[in-house]
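Heads up: the structure comes next, in structure tokens.
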Amino acid sequence: MMTLHRIAISAFAACGMCLMGQTPTPAGEVLGVGNFIHVVADLDKSIEFYRDAIGLDLTGAPGPHPFTANAVVSTLYDAPGQSRVASFRIPGSEMALEIVEFAEVRDTPPRPRLQDPGAITLHLTVRNLDAVMTRVRQAKPKIPVVTTGGEPLAIGGAGKAREVIVRDPDGIFVRLTQPDPIPPTTAPATANVIGAGFGVTVADRSEERRVGKE
């Protein structure tokens with residue numbers, strides 16, 4: 001039986017927060033980021049959240065995602081058995097979002113608070129936050145909005161930048177930010193999501209910095 005003790009990992013990365021527009025760090029052993037890999041309890045519900053509410057494009061062939069025995073996935077996770085996978089493009093970002101469901105999972109995923117060590121946040125930059133929030137409010141089942149008051153908050157002083165935090169079906173925090181002004185991006189003009197990053201809440205930042213240097 002597979003245990004969903006950790007419901008999300010970020011592969012090929014060793015930074016606590018990698019935000020679009022952040023000043024590049026000097027070259028070192030870490031060269032960049034790969035996929036944001038998220039283990040989910042129900043792939044179909046997660047697809048509905050990220051595709052229909054958030055607005056990400058699902059990659060691959062259309063249709064159902066059946067369980068299969070995938071040796072690469074089983075080896076990567078040390079989780080023998082069947083799984084099913086879906087991936088989403090994140091325009092304007094080197095990252096992609098990959099969600100994985102394992103068969104025969106019975107555990108209930110933990111739902112940490114944002115301030116709890118180990119809590120994961122996926123950060124998406126959008127052009128139009130209102131468009132996303134309209135879909136969030138219309139979604140069934142209801143999508144939890146973490147931000148006090150349930151509405152986006154103004155950030156950045158006198159500007160019009162706004163952001164809000166919601167939870168996906170497995171409790172992962174998704175931080176949606178509409179900057180002002182909209183930064184340069186390689187995302188197509190038709191894309192609302194234009195960048196991505198991720199964060200993890202830690203118990204001791206000084207200890208994390210020390211480990212990162214070793």
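Values computed for the structure shown
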item: Listed residues Gln82, Leu114, Ser93: farthest to the positive end of the dipole of segment 39-141 (Cβ charges); result: Leu114
item: Residues of segment 127-163 with amide N under 18 Å of the 7 Å Cα→Cβ point at Ala189; result: 127-128
item: Reachable aspartates and glutamates, given that their alpha-carbon falls under 15 Å from the alpha-carbon of Lys142 and they are not under 8 places away in the same chain; result: Glu48, Asp52, Glu151, Asp168, Asp170
item: Solvent exposure of segment 28-81 as accessible area per residue, Å², 1.4 Å probe; result: 57
item: Whole-number D in µm²/s for segment 70-140 (Stokes-Einstein; Kirkwood sum over Cα pairs; 10 °C, 1.306 mPa s); result: 102
item: In order through segment 170-187: 3J(HN,Hα) via Karplus (6.51 cos²θ - 1.76 cosθ + 1.60), integer Hz, x for Gly, Pro; result: 9, x, 5, 7, 10, 9, 9, 10, 10, x, 9, x, 5, x, x, 8, 8, 5
item: Residues whose placed amide H lies under 5 Å from that of Ile194, excluding near-sequence neighbours; result: Thr125, Val126, Arg127
item: Amide H within-cut-off set for Ala96, under 5 Å, with H built and near neighbours excluded; result: Asn35, Phe36
item: Prolate/oblate/rounded label for segment 32-123 (Cα gyration tensor, a/c 1.5); result: rounded
item: Computed lengthening from Asp78 to Asp44, 0.36 nm per intervening residue step minus Cα-Cα distance; result: 9.9 nm
item: Residue-span extension gain [Phe67 to Arg51] - 0.36 nm each, minus C-alpha spacing; result: 3.7 nm
item: Karplus (6.51, -1.76, 1.60) ³J(HN,Hα), θ = phi - 60°, over segment 120-135, in Hz, Gly and Pro reported as x; result: 9, 10, 8, 9, 10, 9, 10, 7, 10, 5, 4, 4, 5, 5, 4, 5
item: Distant-in-sequence amide H partners of Val202 (H built 1.01 Å from N, under 5 Å); result: Gly118
item: Three-way shape label, segment 81-214, alpha-carbon gyration tensor, a/c 1.5; result: rounded
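The values are calculated or read from the model by the stated rules, or taken from the named source; none is laboratory data. Only a predicted model underlies this, so the values are computations on that prediction, with no experimental measurement involved. Here the Cβ is made from the backbone with ideal geometry for all residues, glycine too, and neighbour counts use every protein chain on show. Please note that ligands, DNA and RNA were not included when accessible areas were found on the heavy atoms of the full protein model with its side chains. Shrake-Rupley method; radii C 1.70, N 1.55, O 1.52, S 1.80 Å.
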